[in-house]
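Can you read through this structure? Questions will come right after.
The values are calculated or read from the model by the stated rules, or taken from the named source; none is laboratory data. In this text, all values refer to a predicted model and were calculated from it rather than measured experimentally. Methodologically, a virtual Cβ is constructed for each residue, glycine included, from the backbone with ideal geometry; neighbour enumeration extends over all protein chains shown. To get the accessible areas, we keep the full protein, side chains included, count just its heavy atoms, and leave off ligands, DNA and RNA. Shrake-Rupley method; radii C 1.70, N 1.55, O 1.52, S 1.80 Å.
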Amino acid sequence: MSEWVMPEGRTVHGSLDKLVGIADGGAGWLVFNNPERRNAVSKEMWEAIPVILKAFEDDPEVKVVILTGAGGKAFVSGADISEFETRVEKASDDGAFRKDAELAYAAIANCKLPTIAMIGGACVGGGMATALCCDLRIASEGSKFGIPAARLGIGYPYGGVEMLVAIVGPARAKQILYTASIFGTDEAAAWGVIHEAVPKGRLDARVAELAATITANAPLSVSASKASINHAAGTAADMDFGLVEAAISKATHSEDLIEGHRAFLEKRRAIFKGR
């Protein structure tokens, strides 16, 4: 298996040394770049996630966002526990530490662009919550999942619990949270935690294939579908159905709709522009 290489492209606003946003062609890469700590997420990193995602949303060239971890051993191993003693006590009055993670989860779940979690290695705690907020989750075989909050005395953030229940159901969520057990890709796929498990050497290619398929489709149509699905599933932060109707109307009255019909009649691939 060749080691994954950081994509070359434009570094976007909000990037840090340990959390990098890169626009590379039609894809926006959000890379957790803290391999020495198995990509544990610090307060500063949580705060940067919404900023980077907004930069991707505002970039007309970016059609899909891919979240992954550097180093090959972890997607994200959770929150940076080394910060707990120095930050949690100070933040206990207003819940600021927990709020940073909640805002990051909401930014991922409600990102206007389709999102893919490319998971290799450990995907636990806050890392699993991060992955669950993505639209699609593809993992390499041998990856490990779990939420060990009960072993650490942590009250797991509600946003992460809400997404877990929406995906696996309340009964399975109780099993995962109560036992704090670590499980593999077989269980993760069976429970809906991931969509696919692929051989380690195929992870990059499979995610690239999915990203290419999505970006070839009409972006306004994909956006309308995401808004509708999130509303129907009750996972959208803003449940205003008017926003869903507006997204559907925008796609229905777009130049891309005309292009799609013409391409079908002319038996060629449509070239969508997102307008």
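Would you please list the contacts, defined by Cβ atoms under 8 Å and residues six or more apart or on different chains, that run from a residue in segment 198-218 that is in contact (Cβ under 8 Å) with a residue 24 or more places away in the chain to a residue that is charged (D, E, K, R) and open to solvent by 40 Å² or more (accessible area, probe 1.4 Å)?
Hits for this filter: Val198/Glu141; Val198/Arg206; Pro199/Glu141; Lys200/Glu141; Arg206/Glu196; Ile214/Lys63; Thr215/Lys63; Ala216/Arg269.
Would you confirm, using the coordinates I've provided, whether Ala205 is surrounded by fewer than 16 Cβ atoms within 10 Å (Cβ to Cβ), hydrophobic (A, V, I, L, M, F, W, C), under 19 Å from Ile66 (Cα atoms) and modelled with pLDDT of 85 or more? Walk me through it before giving the result.
On the way: surrounded by fewer than 16 Cβ atoms within 10 Å (Cβ to Cβ): yes; hydrophobic (A, V, I, L, M, F, W, C): yes; under 19 Å from Ile66 (Cα atoms): yes; modelled with pLDDT of 85 or more: yes.
Yes: the conditions hold for Ala205.
Another question, then. Go through segment 174-197 and give me each residue that's among the aliphatic types (A, V, I, L, M), open to solvent by 50 Å² or more (accessible area, probe 1.4 Å) and in contact (Cβ under 8 Å) with a residue 24 or more places away in the chain. If you could, list the steps in order and put the result at the bottom.
Quick first cut of segment 174-197, residues among the aliphatic types (A, V, I, L, M) only: 176-177, 180, 182, 188-190, 193-194, 197.
Pick out the ones that are also open to solvent by 50 Å² or more (accessible area, probe 1.4 Å) and you get 182, 190.
Matches in segment 174-197: Ile182 only.
Six or more apart or on different chains, Cβ under 9 Å: which pairs go from a residue in segment 260-275 that's touching a residue at least 60 places away in the same chain (Cβ under 8 Å) to one that's part of a loop (DSSP other than H, G, I, E, B) and not hydroxyl-bearing (Ser, Thr, Tyr)? Could you list them?
As it stands, the answer is Gly274/Pro60; Gly274/Lys63; Gly274/Ala218, since those pairs meet every condition given.
Same structure again: Say we look at segment 236-245 and pick out the residues that are surrounded by fewer than 20 Cβ atoms within 10 Å (Cβ to Cβ) and part of a loop (DSSP other than H, G, I, E, B); which of these is nearest to the chain's Cα centre (by Cα)?
Among them, the one singled out is Ala237.
Go through (1) part of a loop (DSSP other than H, G, I, E, B); (2) of a type in the set (D, E, K, R); (3) at pLDDT 90 or above one by one and return the number of the condition Glu47 breaks.
Single failed check for Glu47: (1).
Okay, next question. Taking segment 1-29 only, how many residues are open to solvent by less than 90 Å² (accessible area, probe 1.4 Å) and touching a Gly at 6+ places or on another chain (Cβ under 8 Å)?
Total meeting the criteria: 12.
I'd like to check something: does segment 150-170 contain any residue that is in contact with a strand residue (DSSP E or B) (Cβ under 8 Å, 6 or more places away or on another chain) and aromatic (Phe, Trp, Tyr)? Spell out how you get there, then give the answer.
Let us first name the residues in segment 150-170 that are in contact with a strand residue (DSSP E or B) (Cβ under 8 Å, 6 or more places away or on another chain), namely none.
Within segment 150-170, none of the residues are in contact with a strand residue (DSSP E or B) (Cβ under 8 Å, 6 or more places away or on another chain) and aromatic (Phe, Trp, Tyr).
If you scan segment 30-47, which residues turn out to be surrounded by fewer than 24 Cβ atoms within 10 Å (Cβ to Cβ) and within 14 Å of the chain's Cα centre (by Cα)?
Hit for segment 30-47 is Val31, nothing else.
Right, something else. Inspect all residues belonging to segment 80-97 and state whether any of them is outside any loop (DSSP other than H, G, I, E, B) and modelled with pLDDT of 85 or more. Let's see the steps before the verdict.
Keep residues of segment 80-97 that are outside any loop (DSSP other than H, G, I, E, B), which gives 81-91, 96-97.
Next, only the ones that are modelled with pLDDT of 85 or more stay: none.
So far as segment 80-97 goes, no, none of its residues is outside any loop (DSSP other than H, G, I, E, B) and modelled with pLDDT of 85 or more.
Please pick out the residue among Ala218, Ala270 that is open to solvent by less than 40 Å² (accessible area, probe 1.4 Å), farther than 23 Å from Leu136 by Cα and in contact with a helix residue (DSSP H, G or I) (Cβ under 6 Å, 6 or more places away or on another chain). Walk me through how you get there before you give the answer.
On the way: Ala218 fails: farther than 23 Å from Leu136 by Cα.
The unique qualifying residue is Ala270.
Taking segment 118-151, which residues are among the hydroxyl-bearing types (Ser, Thr, Tyr) and either in a helix (DSSP H, G or I) or without any contact (Cβ under 8 Å) to a residue 60 or more places away in the chain (or both)?
Here is the first cut: in segment 118-151, the ones among the hydroxyl-bearing types (Ser, Thr, Tyr) are 130, 140, 143.
Of everything in segment 118-151, just one residue is among the hydroxyl-bearing types (Ser, Thr, Tyr) and either in a helix (DSSP H, G or I) or without any contact (Cβ under 8 Å) to a residue 60 or more places away in the chain (or both), namely Thr130.
Which ones in segment 165-220 are among the β-branched types (Val, Ile, Thr) and either closer than 30 Å to Arg275 by Cβ or over 17 Å from the mean Cα position of the chain (by Cα) (or both)? Steps first, please.
Restricting attention to segment 165-220, the residues satisfying the condition of being among the β-branched types (Val, Ile, Thr) are 165, 167-168, 176, 179, 182, 185, 193-194, 198, 207, 213-215.
Hits for segment 165-220 are Ile176, Thr179, Ile182, Thr185, Val198, Val207, Thr213, Ile214, Thr215.
Taking segment 152-173 as the region of interest, how many residues are surrounded by 18 or more Cβ atoms within 10 Å (Cβ to Cβ), in a loop (DSSP other than H, G, I, E, B) and not hydrophobic (A, V, I, L, M, F, W, C)?
2
Can you pull out every residue in segment 174-195 that is outside any loop (DSSP other than H, G, I, E, B) and of a type in the set (Gly, Ala, Ser)? Spell out the reasoning first.
Initially, segment 174-195 is screened for residues outside any loop (DSSP other than H, G, I, E, B), giving 174-179, 183, 185-191.
Ala188, Ala189, Ala190, listed by residue number.
Still on this structure: Give the residue, chosen from Ser223, Ser228, that is assigned to a helix (DSSP H, G or I) and either surrounded by 18 or more Cβ atoms within 10 Å (Cβ to Cβ) or within 17 Å of the chain's Cα centre (by Cα) (or both). Steps first, answer last, please.
Working: Ser228 fails: either surrounded by 18 or more Cβ atoms within 10 Å (Cβ to Cβ) or within 17 Å of the chain's Cα centre (by Cα) (or both).
Only one candidate qualifies: Ser223.
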